[in-house]
1. Rg(Cα) of segment 162-295 divided by 2.2 N^0.38 Å?
2. State the number of lysine pairs found in the chain whose Cα atoms come within less than 24 Å, restricting to pairs 8 or more positions apart or on distinct chains.
3. Using a basic spin-label model with each label point 7 Å from the Cα along Cα→Cβ, how many nm lie between Ser171 and Arg223?
4. Using a Förster distance of 25 angstrom, determine the FRET efficiency expected from the C-beta separation of Val247 and Leu77, and round it to 0.05.
5. Please give the helix 281-295 orientation as an angle from the longest Cα principal axis of the chain, in degrees from 0 to 90, rounded to the nearest 10.
6. I'd like the FRET efficiency for Glu273 and Tyr136, computed as 1/(1 + (r/R0)^6) with the beta carbon distance as r and R0 of 30 Å, rounded to 0.05.
7. Report the full-extension gain for the segment Ile240 to Asp35: residue separation times 0.36 nm, less the Cα-Cα distance, to one decimal in nm.
8. Nearest 10 degrees, 0 to 90: what angle lies between the long axis of helix 259-269 and the longest principal axis of the chain (Cα atoms)?
Amino acid sequence: MAQPMRHISGVVDDGTTRFAADDERGADATRWLLDADRATAHTTYFGNTPHTDAGVWDWMEEKLPDWPAERIDDAGLTLSETVSHALQTSEGKVQVELRSTGERGNRELQAVVRDTGTTPPPEGVLEDAVHGRLDYQLHDPDSDGWTRQVSMSVRESRPLAPWLDEILDRSRYPRVSVDGETGIAVRSRDYTKLARELSPYHPSSSPEVARNDNDREIRHKGRVNDARLWAGNSNLEPAIFTLQSGVETTDLPVYPVRNKNFDEGWNQLGIAEPSEHTTVLGDFAKAAADGLQQGRPTPLPEE
């Protein structure tokens, strides 16, 4: 059942810049609007390059407190620079819209900057080292007077390389999110299979040597993680594998746990098909540890 929309309007003041802000929350998305206040924005020069600070980065961080800090920093820097350009090259108001969709661990953020500019943004604004090329549109004034917008999309967890995704999808390994990075969880019955599947992509060892090394490392981390879960500790350790396909190299964090602990975590979370979700690793680990603690026999009192 869809939840009613929540609408809040007011003025946010961080001591530097005032904002008129609107928030809306629905069943499948949360939306925030910010009207940057030109009167209180200030410009700083980095060498010969001006940057007009409208406090957007802090505002974004406030609105997304449970997102990974690194992803917020990446997005906040890009968004701040985009708003700076809008303030410097247009007159009138500048608006920022954030829209978050999806489940925790696999959310996607759409960020849009609207203004009254009439020229395309320069390549220095559109080309972003982290998020790729930003989209922009120029159009006749709409009903709110906007003529230009720049937008970008940010995933809560950095996606795996497509070729690696394809390999992992064959065996339906669940994806887990850890501090903005994507890894996988693997149960003990699949340790040998995963070691074999990853072995052809080792950048320097033969597949046979890589398979044995992979299997040894997965089993070692599995024993560490099982001991931690049994002790009620949800801080799992990854086995990190450096893999290469063609000229592309990437790291894959793997979190091995024994079959019982694997099942316990997903059952406690109520997830019947873990391979169809990206789950925050801490949520899975805590659920597994809590389930194991609940299942332990109560010790007899001392005489």
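Derivation of every value follows stated rules applied to the coordinates shown; laboratory data play no part. The structure presented is a predicted model; accordingly, all values stated were derived computationally and were not measured. Counting neighbours? That spans all protein chains shown, and the Cβs are built from the backbone with ideal geometry, glycine included.
1. That ratio works out to 1.02.
2. So the count of such lysine pairs works out to 6.
3. 2.0
4. Values: r = 28 Å, r/R0 = 1.11.
Once rounded, the FRET efficiency stands at 0.35.
5. Roughly 40 degrees, rounded to the nearest 10.
6. 0.20
7. Working: separation 205, 0.36 × 205 = 73.80 nm, distance 4.34 nm.
Gain on stretching Ile240 to Asp35: 69.5 nm.
8. Approximately 40 degrees, to the nearest 10.
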